[in-house]
Amino acid sequence: MSLDIFRDERGFLSRAREIAEKIRFLIDEGSKFLVICHVDADGLSSGAIVSAMLLRDNARFVTRAVGEFEDALKYLVDLPAAYIPILVDMGSGYLNELSKLSPSRPIIILDHHEPMGSAPANVIQLNPHFHGINGSEEVSGAGVAYLVAKALNEENILLSPVAVTGALGDLQDRFDGRSLHGFNERIVEDAVKAGLLRVEEDLLFYGRSSKPIHVAMASTMNPFIVGISGNEANAYSLLTEIGIRVKDDDRWRVLSELSEDEKKQLYNGILKYLASLGLPPSMARELVGKVYELTMEEPWTYLRDAREFASLLNACGKTGNEWLGISIAMGGRGALLEEAQRVLEDYRRRLAEAIEYAMRDECRQELKNLLVIDGGGVIDDRLISSVASMLSSMGLQGDKHILVALAQSEDSIKVSARASRKLVEMGLNLGKLLAEVAELVGGRGGGHDVAAGASIPKTRKALFLLELDRAVEEKLSGTR
Ligand code: C5P
Ligand code: ZN
């Protein structure tokens, strides 16, 4: 059944206002807050939006970013009585766990993950799914947080570009022409109206107005172009082969200076290159689309392009520098930004290495419905989610298989799974499947229909994969 039947944008917005009023009441009462968010780009954007909102209204608060819901739970169990928790970009998937906590204190959840279980009475929740709006496609955790922030104080419209960044971080630009759609469009409109954002159609290389073209190509990780992403020398050779002039006298040219004809020439050259590697041309289509430009940011920084901003936050989150990401999304610049840019560059190098490794035959295993990429103990478990997203953006698993990437940490295996839209249209919901199968083997999982994750005991890998394969088969057997 289509969600549209129940679609109630007004109800969603009025619930945001109710929650903002509740927060206003708690602030006035002198409550302190504990903001808990995820470590990914949307998570840090969300955490930053709620933190900036509280700061603007002189509330007292502490913010923590966590990788797993379990870590959030640890904070909640020991939380002093004076604090009200605000879970952002997380929580809705773990409602049953929250009912085990003390019922006397309110728990605020601002999330876009599909709700699972039933919420105890003390939970105050804003989630688009309750209003017929698909949270995995058209509004991010940061978007949900932004709605409440704006309802609390109109000045928080200044945070709209951060909400756009969160949506791009969660890859919600999966639609035609790599654009955000649905509810996200309203947030984009806010940002454009406030003069903070410009939206344009272009080639989506990172650093299109700040970096030499070959560097921009090598910095582009989504889609991941084998041999080019992470490899400036190859990108340079490809450019000269295609016949694009890379310098004007001594000055490197940037992508935004190329004429329309040169851009077409470059695009066609990349198509040819992909074909020579046997990769689908559909990948190149991912290279063209809407660019979301943060007009108030300096052109030479990683914050000017919202996709790059998201990568920067993601890199901070995946390297233990969450605080740095949150500070920047809250508006911190100067030395903080310099440090974060270094973190991103280092992270990109490591990610490109991890992907080269993941592409080796020895990492690959094919089951009936799964393409398993096992990074073993070699790929850092904090990188595996990005590796899964990149490989899936390359279309590695095709339309019929689910991509399942694994990495081993000290005591568990981190699982990151990605499915095509086609499988989702056939009724598959990865988040639900991973939650069920992970639980079956003594782990924990969840997420969205197209992208989900889990953490399972080290000894249960084979069983987990078999059960997941079987569960997918069962789900799809009636439909093909
Ligand atoms: O970690 P990864 O990016 O692969 O996760 C994809 C999605 O699944 C994220 O939205 C994350 O919040 C969710 N997830 C979850 N429970 C886990 C791991 C991931 O809900 N144990
Ligand atoms: Zn999110």
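The values are calculated or read from the model by the stated rules, or taken from the named source; none is laboratory data. Since we're looking at a predicted model, the values are computed, not measured. Quick reminder, even Gly has a Cβ in these numbers, built from the backbone with ideal geometry, and neighbours come from all protein chains shown.
Here are the numbers for this structure:
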| item | result |
| --- | --- |
| Number of positions in the stretch 365-406 that are charged (D, E, K, R) and within 12 Å of ligand 1 (Cβ to nearest atom) | 2 |
| Evaluation of Ser104 against (1) assigned to a loop (DSSP other than H, G, I, E, B); (2) in contact (Cβ under 8 Å) with a residue 24 or more places away in the chain; (3) out of contact with any helix residue (DSSP H, G or I) (no Cβ under 8 Å at 6 or more places or on another chain) (one fails), failing number | (2) |
| Candidate set from the stretch 51-70 (those that are in contact (Cβ under 8 Å) with a residue 60 or more places away in the chain and within 15 Å of ligand 2 (Cβ to nearest atom)); member that is farthest from Tyr347 (Cα to Cα) | Phe69 |
| Flag if Val246 is under 26 Å from Glu200 (Cα atoms) and surrounded by fewer than 16 Cβ atoms within 10 Å (Cβ to Cβ) | yes |
| Checklist (1) away from ligand 1 (no atom under 16 Å from the Cβ); (2) at pLDDT 95 or above applied to Leu44, failing item | (1) |
| Tally, over the stretch 157-183, of residues that are within 20 Å of Ile23 (Cβ to Cβ), buried (at least 24 other Cβ atoms within 10 Å of the Cβ) and of a type outside the set (Val, Ile, Thr) | 4 |
| Residue satisfying all of: in the stretch 160-178; assigned to a helix (DSSP H, G or I) and more than 16 Å from ligand 2 (Cβ to nearest atom); modelled with the lowest pLDDT among these | Asp176 |
| Flag for Ile86 being within 25 Å of the chain's Cα centre (by Cα), without any contact (Cβ under 8 Å) to a residue 24 or more places away in the chain, part of a strand (DSSP E or B) and within 16 Å of ligand 2 (Cβ to nearest atom) | no |
| Count of residues meeting criterion [assigned to a helix (DSSP H, G or I) and either touching a strand residue (DSSP E or B) at 6+ places or on another chain (Cβ under 9 Å) or β-branched (Val, Ile, Thr) (or both)] in the stretch 434-462 | 10 |
| Criterion: crowded, with 21+ Cβ neighbours inside 10 Å and farther than 27 Å from Leu171 by Cβ - qualifying residue of Ile27, Ile23, Ile19, Ile36 | Ile23 |
| Condition met for Arg350 (among the basic types (Lys, Arg) and closer than 30 Å to Arg56 by Cβ) | no |
| Residue check for Val372: of a type in the set (A, V, I, L, M) and touching a Gly at 6+ places or on another chain (Cβ under 8 Å) | no |
| Matching residues, the stretch 238-269, being within 20 Å of Met283 (Cα to Cα) and of a type in the set (S, T, N, Q) | Gln265, Asn268 |
| Candidate set from the stretch 394-431 (those that are in contact with a Lys or Arg (Cβ under 9 Å, 6 or more places away or on another chain) and assigned to a helix (DSSP H, G or I)); member that is farthest from ligand 2 (Cβ to nearest atom) | Lys422 |
| Ser14 vs. criteria in contact with a Cys (Cβ under 9 Å, 6 or more places away or on another chain) and of a type in the set (Gly, Ala, Ser) | no |
| Residues located in the stretch 183-225, provided they are without any contact (Cβ under 8 Å) to a residue 60 or more places away in the chain, part of a helix (DSSP H, G or I) and over 20 Å from Gly141 (Cβ atoms) | Val192, Lys193, Ile213, His214, Val215, Ala216, Met217, Ala218 |
| Any hit, the stretch 368-376, residues being in the same structural domain as Glu467 (by TED's automatic domain parsing), touching a residue at least 60 places away in the same chain (Cβ under 8 Å) and of a type in the set (S, T, N, Q) | yes |
| Tally of residues being more than 18 Å from Pro223 (Cα to Cα) and surrounded by fewer than 19 Cβ atoms within 10 Å (Cβ to Cβ) across the stretch 381-407 | 2 |
| Breaking point among (1) more than 15 Å from ligand 1 (Cβ to nearest atom); (2) closer than 20 Å to Leu147 by Cα; (3) in a helix (DSSP H, G or I), for Leu76 | (2) |
| Some residue of the stretch 172-182 being under 17 Å from the mean Cα position of the chain (by Cα), more than 15 Å from Phe309 (Cβ to Cβ) and without any contact (Cβ under 8 Å) to a residue 40 or more places away in the chain | yes |
| Tally of residues being of a type in the set (Phe, Trp, Tyr), within 14 Å of Gly30 (Cα to Cα) and in contact with a helix residue (DSSP H, G or I) (Cβ under 9 Å, 6 or more places away or on another chain) across the stretch 68-85 | 0 |
| Test: Ile133 is in contact (Cβ under 8 Å) with a residue 40 or more places away in the chain, outside the structural domain of Glu308 (by TED's automatic domain parsing) and over 21 Å from Arg285 (Cβ atoms) | yes |
| In the stretch 24-50, residue nearest to Ser386 (Cα to Cα) [restricted to those that are in contact with a Phe, Trp or Tyr (Cβ under 8 Å, 6 or more places away or on another chain) and away from ligand 2 (no atom under 16 Å from the Cβ)] | Leu34 |
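Listed here are the residues, each with its yes/no results for (1) part of a helix (DSSP H, G or I); (2) under 22 Å from the mean Cα position of the chain (by Cα).
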residue	(1), (2)
Ile19	yes, no
Ile23	yes, no
Ile27	yes, no
Ser46	yes, yes
Ala65	no, yes
Ala72	yes, yes
Glu114	no, yes
Gly117	no, no
